[in-house]
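**Student:** Pasting a structure below so you can have a look.
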Amino acid sequence: MSDKILKYSSGIDVSGDDFKVCFNQIDYEQRIKVKGTRSFPNTLSGYQSYDSWLQKKHKDKTISLTITLEATGVYHEKLAYFLHQKGYRVSVVLPNKAKKYLEALGLKSKTDHLDAKGLAQMGAEQRLEAWEPFSEHIYELKTLCRHRARLQKLKTLISNQIHAHEHMGYITKAVIRQLKQTFKSFEKQLLKIEQEIELTLKKEEELDRKVRLIADSISGVGLMTVVTIVSETNGFRLFTSQSQLTSYSGFDVVERQSGKRSGKTKISKKGNKHIRKALYFPSLNVVRLQTGTFSQFYSRVYERTAIPMKGYVAVQRKLLCLIFALWKKDQAFDPNFHKLEQEVV
């Protein structure tokens, strides 16, 4: 029994040009043996070659095979979609999770091949969540929302430059004129991208209905905020608890403590930054507008910590959990019904 193979696992480290792979087998004694390593170009022909290589390694189809990739920007996405369409069980792990696992293995060196080997071992030893591709419309919304956020950032940058130039000792009108033209250009682009988001949202009736149901019911939270959160989480498809969602978004609380020394608590920020950015201004709005009991919740955290930003971060996390709950229950926010629980920050 001890020599029999329990599971096959392949780890993939992806870069823009190529991807390194490792193929492992694990037996009933939990011993892991490397059966092969290769490099393939990050192209369709490379995916097809990897598929053929896997088929040769995965001789006994009655034994399960799992493939583990690290989420590296967007470079892993085409490969993940290809493998999913081929029927493989694919898991995509966040970089910080993969890093901590590799550190736990005691790997001091870092190379693409070692990363692939570590990911293969991770897939063999752990029961990782199966990755599911985004629907076409949600993926399109995610891309549009991220582009909108970039345009908004550039618009703010130009606005700050205009303000600075207008207060210089010597004003150069030509520079200010061009900056203002650029500012207007970004405004037009933002308007067009928001119109495109609206059109894309309407392509899927149920998605459009649920997003607007939430956005219209929470005073201070706009449509673009809800669209961003829904698109970044794939409609909360793989999330079954608030703790999973807060961890994915980097809102999970970490504490540094050693012996008698107790460090400060803070959020990890090891997660989806786009969600955190999308909730920044809404958190200010719901406190200012006294939506529901967010204002009281902010006050409680602020009184305890004396740090305004901690209060707003706590509100951001609570807003995220509220949107998640409303989405799952398919209902609007009722400020007279929903009560926010006291939360330790």
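**Student:** Residues in region 64-84: is at least one surrounded by fewer than 20 Cβ atoms within 10 Å (Cβ to Cβ), assigned by TED's automatic domain parsing to the domain that holds residue 119 and farther than 30 Å from residue 142 by Cβ?
**Tutor:** Narrowing region 64-84 to residues surrounded by fewer than 20 Cβ atoms within 10 Å (Cβ to Cβ): 64-65, 71-75, 77-78, 81-82, 84.
In the following step, the residues that additionally are assigned by TED's automatic domain parsing to the domain that holds residue 119 were identified as 64-65, 71-75, 77-78, 81-82, 84.
Add one more test, that the residue is farther than 30 Å from residue 142 by Cβ, and what stays is 64.
Yes, that holds for at least one residue.
**Student:** May I ask you to verify whether residue 80 is at pLDDT below 90, hydrophobic (A, V, I, L, M, F, W, C) and not in a strand (DSSP E or B)? Before you say what the answer is, go through the steps one by one.
**Tutor:** Working: at pLDDT below 90: no; hydrophobic (A, V, I, L, M, F, W, C): yes; not in a strand (DSSP E or B): yes.
The answer is no for residue 80.
**Student:** Residues that are assigned to a strand (DSSP E or B), buried (at least 16 other Cβ atoms within 10 Å of the Cβ) and of a type outside the set (Gly, Ala, Ser): does region 93-112 have at least one? Steps first, please.
**Tutor:** Narrowing region 93-112 to residues assigned to a strand (DSSP E or B): 93.
From what is left, the residues that are buried (at least 16 other Cβ atoms within 10 Å of the Cβ) are 93.
Subset that is of a type outside the set (Gly, Ala, Ser): 93.
Yes, region 93-112 contains a residue that is assigned to a strand (DSSP E or B), buried (at least 16 other Cβ atoms within 10 Å of the Cβ) and of a type outside the set (Gly, Ala, Ser).
**Student:** Tell me, yes or no, whether region 148-157 has at least one residue that is more than 30 Å from residue 77 (Cα to Cα) and either surrounded by 12 or more Cβ atoms within 10 Å (Cβ to Cβ) or not basic (Lys, Arg) (or both). Break it down stepwise before answering.
**Tutor:** Restricting attention to region 148-157, the residues satisfying the condition of being more than 30 Å from residue 77 (Cα to Cα) are 156-157.
Restricting the remaining residues to those that are either surrounded by 12 or more Cβ atoms within 10 Å (Cβ to Cβ) or not basic (Lys, Arg) (or both) gives 156-157.
Checked region 148-157: at least one residue is more than 30 Å from residue 77 (Cα to Cα) and either surrounded by 12 or more Cβ atoms within 10 Å (Cβ to Cβ) or not basic (Lys, Arg) (or both).
**Student:** Report the residue count in region 185-204 for those that are surrounded by fewer than 16 Cβ atoms within 10 Å (Cβ to Cβ) and either of a type in the set (A, V, I, L, M, F, W, C) or farther than 15 Å from residue 148 by Cα (or both).
**Tutor:** 4
**Student:** Would you confirm, using the coordinates I've provided, whether residue 68 is among the β-branched types (Val, Ile, Thr), over 22 Å from residue 7 (Cα atoms) and touching a residue at least 24 places away in the same chain (Cβ under 8 Å)? Show your work before the answer.
**Tutor:** Details: among the β-branched types (Val, Ile, Thr): yes; over 22 Å from residue 7 (Cα atoms): no; touching a residue at least 24 places away in the same chain (Cβ under 8 Å): yes.
No: the conditions fail for residue 68.
**Student:** In addition: Could you go through region 322-343 and let me know if any residue there is crowded, with 18+ Cβ neighbours inside 10 Å, at pLDDT 95 or above, of a type outside the set (A, V, I, L, M) and part of a helix (DSSP H, G or I).
**Tutor:** Yes, region 322-343 has at least one match.
**Student:** In region 40-56, how many are under 24 Å from residue 7 (Cβ atoms) and crowded, with 17+ Cβ neighbours inside 10 Å?
**Tutor:** 4
**Student:** So which of 162, 158, 138 ends up being touching a residue at least 24 places away in the same chain (Cβ under 8 Å) and over 24 Å from the mean Cα position of the chain (by Cα)?
**Tutor:** Details: 162 fails: touching a residue at least 24 places away in the same chain (Cβ under 8 Å); 138 fails: over 24 Å from the mean Cα position of the chain (by Cα).
Of the residues listed, the single one that is touching a residue at least 24 places away in the same chain (Cβ under 8 Å) and over 24 Å from the mean Cα position of the chain (by Cα) is 158.
**Student:** Here's a follow-up. Hey, any hits in region 74-85 for a residue that's among the β-branched types (Val, Ile, Thr) and touching a residue at least 24 places away in the same chain (Cβ under 8 Å)?
**Tutor:** Initial filter on region 74-85 (among the β-branched types (Val, Ile, Thr)): 74.
Next cut, touching a residue at least 24 places away in the same chain (Cβ under 8 Å) only: none.
So far as region 74-85 goes, no, none of its residues is among the β-branched types (Val, Ile, Thr) and touching a residue at least 24 places away in the same chain (Cβ under 8 Å).
**Student:** Right, next: If I filter region 12-35 down to residues being more than 26 Å from the chain's Cα centre (by Cα) and part of a loop (DSSP other than H, G, I, E, B), which single residue comes out as farthest from residue 54 (Cα to Cα)? Step through it out loud before you land on a result.
**Tutor:** First, the residues of region 12-35 that are more than 26 Å from the chain's Cα centre (by Cα): 23-35.
In the following step, the residues that additionally are part of a loop (DSSP other than H, G, I, E, B) were identified as 28-31.
Working: 28: 22, 29: 24, 30: 22, 31: 20 Å.
If we take residues in region 12-35 being more than 26 Å from the chain's Cα centre (by Cα) and part of a loop (DSSP other than H, G, I, E, B), then 29 is farthest from residue 54 (Cα to Cα).
The values are calculated or read from the model by the stated rules, or taken from the named source; none is laboratory data. Here the structure is a predicted model, which means the values were calculated and not measured. Neighbour counts are summed over all protein chains in view; Cβ atoms, including those assigned to glycine, are modelled from backbone coordinates with ideal geometry.
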